[in-house]
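K.L.:
Following this message is one structure expressed as C-alpha cells.
The values are calculated or read from the model by the stated rules, or taken from the named source; none is laboratory data. Not measured: the values here are computed from a predicted model. Here the Cβ is made from the backbone with ideal geometry for all residues, glycine too, and neighbour counts use every protein chain on show.
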Amino acid sequence: MITMQAENGSSGSGGARVSTYVQTDQTAGDLQGDALTALYRAHALSLIRLGYVMLGDRAAAEDVVQDAFAGLYRRWSQLSDSSKAVYYLRSCVLNGCRTALRRGRRSRGAELIDLPVPAAVSAEATVLAVEERRALMNAIRRLPGRQREALVLRFYLDEPDAEIARLMGIRQSTVRSTTHRALASLGRLLEEES
C-alpha cells in the first residue's frame, strides 16, 4: 500500500495541526501494470504492423510484439526513464524481427490483412490498389534486412534520421546512405515485377 500524508493547519496562534492519512488501493505493481496497459493500447497496433512489414507474417509479428512487452514488464524497474519505454519496445520489436528472419520464421505468401486499402471509385481500381500494395510489400521483403529496416522506420513510422540511427545502432550518415540504396533497390525490384 502507498500511504500519503496530508497536513492541514492554520498559521494563526493556537492553530492545531491535523494530519490525515489517505491510503490508496494501488500498489507499485498495479501502477506498473497500468502504465504497461496504457503503452499497449497506444502502441501495440503500430508495433504489430512494424513487425508485419518486416516479417510478412501477422502471427509472427504478434509474437514478437508480445515478447517485447513481456521483456519490458520484466525490466520495468530497471527503466530509468519511463518515457523511453516506446523506444525500448521498438528496439525489441526490430531485434525480434531480426531473430525471426534469421530463424526463417516468415511467410512469403502472407495476405495483406492489416493494411487499409484507400477508397476507390470502382471495384477494378480497388483490385489494382491491392495488387500494387502487394507488389510493393513483396519488393520490400526482398530487400536486405538493414535496407528494409531503414525504409520501414523512415517511411512507415516517419522517424527522423537521429531516431533511426539510435534504433538501428548506426550513424545518421549511414541511415541516409542506406535509405538511398534501399530506394534504388526497391525501384529496381518493382521494375522487375512489372
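Conditions (1) in contact with a helix residue (DSSP H, G or I) (Cβ under 7 Å, 6 or more places away or on another chain); (2) among the hydrophobic types (A, V, I, L, M, F, W, C); (3) not assigned by TED's automatic domain parsing to the domain that holds Ala85, marked per residue:
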{"site": "Ala139", "(1), (2), (3)": "yes, yes, yes"}
{"site": "Leu153", "(1), (2), (3)": "yes, yes, yes"}
{"site": "Leu157", "(1), (2), (3)": "yes, yes, yes"}
{"site": "Arg166", "(1), (2), (3)": "no, no, yes"}
{"site": "Arg181", "(1), (2), (3)": "yes, no, yes"}
{"site": "Glu193", "(1), (2), (3)": "yes, no, yes"}
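K.L.:
Does Gln147 satisfy being assigned by TED's automatic domain parsing to the domain that holds Leu190, at pLDDT 90 or above and not small (Gly, Ala, Ser)?
P.N.:
On the way: assigned by TED's automatic domain parsing to the domain that holds Leu190: yes; at pLDDT 90 or above: yes; not small (Gly, Ala, Ser): yes.
So Gln147 fits the description; yes.
K.L.:
List the number of the failed condition for Gly145; all other conditions in (1) within 17 Å of Asn95 (Cα to Cα); (2) buried (at least 16 other Cβ atoms within 10 Å of the Cβ) hold.
P.N.:
Against the list (1) within 17 Å of Asn95 (Cα to Cα); (2) buried (at least 16 other Cβ atoms within 10 Å of the Cβ), Gly145 comes up short only on (2).
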